Amino acid sequence: MSAGPFDAFSPGGAAAEAYVRFARALAEALAPSAGGGAATLEALRRFGAAQFGAAQVGTAEFGAAPFAFWAAPLPGAAGLADAAAAFARGAGATPAGGAAAGAPPLGPNREHQLKWQAWLAAAQACAAAAQEFALVLGEIGATAGERYATRLAEPDATSAPLRVLFDDWIECAESAYQAAAHGERFCAAHARYANALVAWRAAQQAIADDAARAFGVPTRTEVDELQRTVRELQRELASRRDASAPTAATTRKPRASAPRRRRRAPT
Amino acid sequence: MNAPAFDGAKWLAEATDFQQRALRATETLARLGRVEVGTTPRDAVHAEGTATLYRYRSLAKPAGLPPVLIAYALVNRPYMLDLQPDRSLIRGLLQAGLDVYLLDWGVPGRAERWRTLADHVTGTLHRCVEHVRAVHGELTLLGVCQGGTFALAYAALEPANVGRLITMVTPVDFHTPENLLAKWARGIDFDALVASFGNVPGELLNACFLSLMPFRLGVQKYLALADAADDPEALANFLRMEQWIFDSPDQPGETFREFMQACYQRNALAAGTLELDGRRVDLQRVTMPVLNVYATQDHLVPPSASRALARLVGSRHYAELPLEGGHIGIYVSSRARRLPRDLADWLAARPSARRTRRRP
């Protein structure tokens, strides 16, 4: 898809492109060829669901892209199922070679195999959680589409400027979203997705630590421990300094006003 | 439904016009380059780790009031309070004759991974309070958002050190029905999240904040750029705001974990079960005069989350100041221009804790 005259990497440019695509998608949904009646309503439901469902893989045009960040530090979430399937087939994409999910961990590679199997299980759990969350978003989108259909059925809709219709769509989408986002189902699906991504990330980190260790590079776990020790020492030092420092009451030098403006200020 | 008959040619003309305006806005934005923020003159007077205590240079005749120490949040940078000369809470306070200090937590790196909530509140914040008291004797503590939560906790632990307390858009009760962030947070495994990320990326928080209102914040607000295509000043203001929103420091991992679990999941501040350094944070011990400023359309910290302070605080001199607008708008809206004056008036009218009797 061309970014046209706008910078595809700027939200402003992406929003402008989204606006134009909105006009096109809406025109298609409302075209006489869509059939009118129930068919048009269904077209608008699909229109809404597509905007929300796309959020899952970071291609959303209408603002739901923030959800994709959870997967951002990882390889594309859209490739999850493929990666897991490749590993399960023993396609040679991993050091564990043909170690599929259920193979017993035996031999000198046992520990590595366990870590790869954990990675695979986490990836599969992640794919399932992503699918569940996408379903929830898709349902909200369909609801938004229904609300939008109601709006478009109002008498003034045919004469309304495109921008007004766009803002109406945003209103329908946001209100449908808010109604669902406070609910238990959304919160649970959202949390499962986030937790699954973090678990998968942790499984990857365990493998990365192995690789670092093999090359004599300090692992993240080791650096973490060092930093924790440094922090404890800093805390101890600050505590001793606080104990030996005079308190504000004994050092007070009352001064009512700040110094007047000097030449130039660091900011 | 019956498909309404739309005028395709009219839509096409509108879309074309919009594209042209959006293009002009993009070109103007490119010409503007980097906008300046936080320009009010100041001096660093104390530093530890990534945190710096600044003192602003006076701009008016002293009002004879104790200095104001601003404790900002760890989330985002504090120049929102001094975004531009004509939209600056800090400049407004200086012009009202107040002496202003700002605690800027800085941008934590990996070395801050194990900094705790107590390190921030009873450590750095306490030492900044001591620094200001050593110069002036007493102070007003002004906490903003999460910084307000820190300020409240500090005032409860060290009430004798805080003459007056101002909280701005500060969450206190994290479990009110409107609090969407808290609902989402309840199911998140923060132990695992922090163990995996270490410091929590500012980008992740931004993604969460945007997803609270994804359509308005992700798309609709950028369409407004086209509306301002021929107004460079409006575009510059937009850029300043945009810079602030996405200039998000990573969060020290341990502090984030503690804060999210204690406040967002267990609601410990409101429940009176929050502990720092083994000491219970009891808001009944906040007996100094308190002014609670909240935003009426705040989607990040709902008014109900802030206003819960009224029933929890021990002060006899508790007041609220509602401001029309959202979490950020209260600093930059036209109504915000009166805010420094309102704060100065309240400070002038309220006796400090030293002259305030405890609630019987």
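Scan B:Leu223, B:Leu212, B:Leu217, B:Leu181 and give me the residue that is part of a helix (DSSP H, G or I), of a type outside the set (Asp, Glu), facing another protein chain (nearest Cβ under 10 Å) and within 25 Å of the chain's Cα centre (by Cα).
When all the criteria are applied, what remains is B:Leu217.
I need the full set of residues from the stretch B:7-56 which are out of contact with any Leu (no Cβ under 6 Å at 6 or more places or on another chain), more than 30 Å from A:Leu237 (Cα to Cα) and in a loop (DSSP other than H, G, I, E, B), in order please.
Of everything in the stretch B:7-56, those that are out of contact with any Leu (no Cβ under 6 Å at 6 or more places or on another chain), more than 30 Å from A:Leu237 (Cα to Cα) and in a loop (DSSP other than H, G, I, E, B) turn out to be B:Asp7, B:Gly33, B:Arg34, B:Glu36, B:Gly38, B:Thr39, B:Thr40, B:Pro41.
Return the residue satisfying two criteria in turn: it lies in the stretch B:57-69 and is more than 7 Å from chain A (Cβ to nearest Cβ) and within 30 Å of A:Ala238 (Cβ to Cβ), and of such residues it is surrounded by the fewest Cβ atoms within 10 Å (Cβ to Cβ).
Selected residue: B:Pro66.
Tell me the residue from A:Arg192, A:Arg163, A:Arg185 that is in contact (Cβ under 8 Å) with a residue 40 or more places away in the chain, facing chain B (nearest Cβ under 9 Å) and surrounded by fewer than 21 Cβ atoms within 10 Å (Cβ to Cβ), please.
A:Arg192
So how many residues does the stretch A:151-183 have that are of a type in the set (Ser, Thr, Tyr) and either at pLDDT below 90 or not in a helix (DSSP H, G or I) (or both)?
2
Hey, can you tell me all the residues within the stretch B:236-262 that are more than 30 Å from B:Leu223 (Cβ to Cβ) and among the small types (Gly, Ala, Ser)?
B:Gly253, B:Ala262
Residue check: is B:Ile90 more than 12 Å from chain A (Cβ to nearest Cβ), crowded, with 19+ Cβ neighbours inside 10 Å and out of contact with any His (no Cβ under 9 Å at 6 or more places or on another chain)?
Against the criterion (more than 12 Å from chain A (Cβ to nearest Cβ), crowded, with 19+ Cβ neighbours inside 10 Å and out of contact with any His (no Cβ under 9 Å at 6 or more places or on another chain)), B:Ile90 does not qualify.
Looking for whichever is more than 11 Å from chain B (Cβ to nearest Cβ), out of contact with any Ser or Thr (no Cβ under 7 Å at 6 or more places or on another chain), closer than 30 Å to A:Ala129 by Cα and assigned to a helix (DSSP H, G or I) here; the options are A:Ala203, A:Ala208. Which one fits?
A:Ala208
Given the structure, is B:Ala73 among the aliphatic types (A, V, I, L, M), surrounded by fewer than 23 Cβ atoms within 10 Å (Cβ to Cβ) and not in a helix (DSSP H, G or I)?
Criteria met by B:Ala73.
Only one of (1) over 21 Å from the mean Cα position of the chain (by Cα); (2) in contact (Cβ under 8 Å) with a residue 24 or more places away in the chain; (3) buried (at least 17 other Cβ atoms within 10 Å of the Cβ) is not met by B:Val45, so which one is it?
(3)
Determine which member of the set B:Leu65, B:Leu93, B:Leu83 is touching a residue at least 12 places away in the same chain (Cβ under 8 Å) and either in a loop (DSSP other than H, G, I, E, B) or over 20 Å from the mean Cα position of the chain (by Cα) (or both).
B:Leu65
Quick one: count up the residues across the stretch B:127-148 that are away from chain A (no Cβ under 11 Å) and either small (Gly, Ala, Ser) or farther than 19 Å from B:Leu81 by Cβ (or both).
3
Look at the stretch B:203-243 and say how many of its residues are within 18 Å of B:Asp298 (Cβ to Cβ) and among the aromatic types (Phe, Trp, Tyr).
1
If only one of A:Ala176, A:Ala149 is closer than 24 Å to B:Ala9 by Cα and either within 9 Å of chain B (Cβ to nearest Cβ) or buried (at least 21 other Cβ atoms within 10 Å of the Cβ) (or both), which one is it?
A:Ala149
Could you tell me whether B:Arg110 is among the charged types (D, E, K, R), at pLDDT below 95 and surrounded by fewer than 22 Cβ atoms within 10 Å (Cβ to Cβ)?
Yes: the conditions hold for B:Arg110.
So which residues in the stretch B:178-205 are touching a residue at least 12 places away in the same chain (Cβ under 8 Å) and more than 21 Å from A:Gln204 (Cα to Cα)?
B:Glu178, B:Asn179, B:Leu180, B:Leu181, B:Ala182, B:Trp184, B:Ala185, B:Arg186, B:Gly202, B:Leu205
Of all residues in the stretch B:72-94, which are among the hydrophobic types (A, V, I, L, M, F, W, C) and over 22 Å from B:Asn206 (Cβ atoms)?
B:Leu89, B:Ile90, B:Leu93, B:Leu94
Looking at (1) more than 7 Å from chain A (Cβ to nearest Cβ); (2) under 24 Å from B:Ala305 (Cα atoms), can you tell me which one B:Leu204 breaks?
Only one criterion in (1) more than 7 Å from chain A (Cβ to nearest Cβ); (2) under 24 Å from B:Ala305 (Cα atoms) is unmet by B:Leu204, namely (1).
Taking the stretch B:6-30 as the search range and keeping residues that are more than 7 Å from every other protein chain (Cβ to nearest Cβ) and in contact (Cβ under 8 Å) with a residue 60 or more places away in the chain, which one is surrounded by the most Cβ atoms within 10 Å (Cβ to Cβ)?
Step by step, filter the stretch B:6-30, then rank; the result is B:Ala25.
Residues that are modelled with pLDDT under 85, closer than 30 Å to B:Asp82 by Cβ and more than 7 Å from chain A (Cβ to nearest Cβ): does the stretch B:33-56 have at least one?
yes
Could you list, in sequence order, the residues of the stretch B:274-322 that are closer than 20 Å to B:Gln261 by Cα and basic (Lys, Arg)?
Listed by number, the residues that qualify are B:Arg279, B:Arg280.
So which of B:Thr170, B:Thr176 is more than 16 Å from the chain's Cα centre (by Cα), outside any helix (DSSP H, G or I), polar (S, T, N, Q) and surrounded by 18 or more Cβ atoms within 10 Å (Cβ to Cβ)?
Exactly one of B:Thr170, B:Thr176 is more than 16 Å from the chain's Cα centre (by Cα), outside any helix (DSSP H, G or I), polar (S, T, N, Q) and surrounded by 18 or more Cβ atoms within 10 Å (Cβ to Cβ), namely B:Thr176.
The values are calculated or read from the model by the stated rules, or taken from the named source; none is laboratory data. Because the structure is predicted, anything quoted here is derived from the model rather than measured. Glycine gets a Cβ as well: all are built from the backbone with ideal geometry, and neighbour counts include every protein chain shown.
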